[in-house]
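Colleague: Mind looking over this structure? Questions follow.
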Amino acid sequence: MKMNATRVSAVFFSLFVFVSANAQLRLPSRSGSDMRQALEKVITDYTKGFSNLKGDLLNDSDPQRIEYASLLTFKSAESNTIIQYSGASPIYSWQAQLLATDDFAVAEKKYNSLYKDLKGMSLTLNRDYTYGLEGTYDAPNESLGFASTEFHLTPSASSLPKVKVELSLQYEMPEWKIRIAVYQKEREDNERGKVRED
C-alpha cells in the first residue's frame, strides 16, 4: 500500500511540475511559426534580389517601381508581393497584407499580437546563422490612423546591416490594414545623408 501511495504522489508531483512549467512558458502560436518561416525565406532571398521568390509581373505602370507577385506560400497573409524600385542599382522590398478590417479594436488587437510574436523572434538564415528581431513598440492610435514598428536583426548581421522588418497598421478608407514588410533602409532617421559639393 505504501508503494502505491508513493507512486501516486510521484505522478501528482510530475503533473504539477508539468502544468506549472507550461503555465510559465509562452508556447509559439501557429501564426508565429508561419511568420518565422516566411521571414526566414524572405530575408535569406533578399540578398539575391528575391530571385527565388519573384513571380509574375503585376504592375509596371509607375516608372519608379515594378510590382511582382510573390511565390512565397504564407498562410497568415491575405496577399504578399515584391516591389523593385528603380535607381542606380535596383532596390527591393517584400510586403504582405495580414489583415483588413473596418473595426479598429480588431486591428489593434491583431497588431499587438503580431508585435509580441515578432519581438525577440529567432530567425535562422542560410541554415546556419540565428538572429533575433528587436524593435520599439509604436502604439496604435485610432485618431492618428497609422502605427509602425521597425525591427532590426540582432546581433547585427554584417551581410544585412540595413535590412529592416516593419509591422504597420494603417487606415486606408474604409479599412484598417496590417502589413509586414522587409526592406533596406539606406540610413537611419537621425543619420545625415551624403552631401554634394557643387
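The values are calculated or read from the model by the stated rules, or taken from the named source; none is laboratory data. Nothing here was measured: the structure is a model prediction, and the numbers come from that model. Every residue, glycine among them, receives a Cβ derived from its backbone with ideal geometry; neighbour counts consider all protein chains shown.
Colleague: Can you find even one residue in region 136-154 that is modelled with pLDDT under 90 and either among the hydrophobic types (A, V, I, L, M, F, W, C) or on the phi < 0 side of the Ramachandran plot (or both)?
Modeller: So in region 136-154, the residues modelled with pLDDT under 90 come out as 154.
This time we only want the ones that are either among the hydrophobic types (A, V, I, L, M, F, W, C) or on the phi < 0 side of the Ramachandran plot (or both), so: 154.
Yes: one or more hits.
Colleague: If you go through region 116-134 one residue at a time, how many are at negative phi and in contact with an Asp or Glu (Cβ under 9 Å, 6 or more places away or on another chain)? Give the derivation first.
Modeller: Initially, region 116-134 is screened for residues at negative phi, giving 116-119, 121-125, 128-134.
Next cut, in contact with an Asp or Glu (Cβ under 9 Å, 6 or more places away or on another chain) only: 119, 123-125.
Of the residues in region 116-134, 4 are at negative phi and in contact with an Asp or Glu (Cβ under 9 Å, 6 or more places away or on another chain).
Colleague: What are the residues in region 147-185 that are more than 17 Å from the chain's Cα centre (by Cα) and among the charged types (D, E, K, R), if any? Lay out the reasoning, then the answer.
Modeller: Going through region 147-185, the residues more than 17 Å from the chain's Cα centre (by Cα) turn out to be 158-159, 171-176.
Passing the criteria: Glu172, Glu175.
Colleague: Quick one: how many residues across region 42-70 are in contact (Cβ under 8 Å) with a residue 24 or more places away in the chain, within 15 Å of Leu125 (Cα to Cα) and of a type in the set (Lys, Arg)?
Modeller: 0
Colleague: Which residues, counting only those in region 80-103, are in contact with a strand residue (DSSP E or B) (Cβ under 6 Å, 6 or more places away or on another chain) and over 17 Å from Tyr183 (Cβ atoms)?
Modeller: Residues of region 80-103 in contact with a strand residue (DSSP E or B) (Cβ under 6 Å, 6 or more places away or on another chain): 80-85, 90-102.
Hits for region 80-103 are Leu99, Ala100, Thr101, Asp102.
Colleague: Let me ask something else about it. I want to confirm something. Restricting to region 46-64 and keeping residues that are touching a strand residue (DSSP E or B) at 6+ places or on another chain (Cβ under 9 Å) and closer than 26 Å to Leu153 by Cα, which single residue is surrounded by the most Cβ atoms within 10 Å (Cβ to Cβ)?
Modeller: Phe50
Colleague: Can you tell me which residues in region 116-146 are touching a residue at least 40 places away in the same chain (Cβ under 8 Å) and more than 16 Å from the chain's Cα centre (by Cα)?
Modeller: Within region 116-146, just Asn126 meets the criteria.
Colleague: Only one residue in Leu133, Leu153 is surrounded by 12 or more Cβ atoms within 10 Å (Cβ to Cβ), in a strand (DSSP E or B) and in contact with a helix residue (DSSP H, G or I) (Cβ under 6 Å, 6 or more places away or on another chain). Which one?
Modeller: Working: Leu153 fails: in contact with a helix residue (DSSP H, G or I) (Cβ under 6 Å, 6 or more places away or on another chain).
After applying the criteria, what remains is Leu133.
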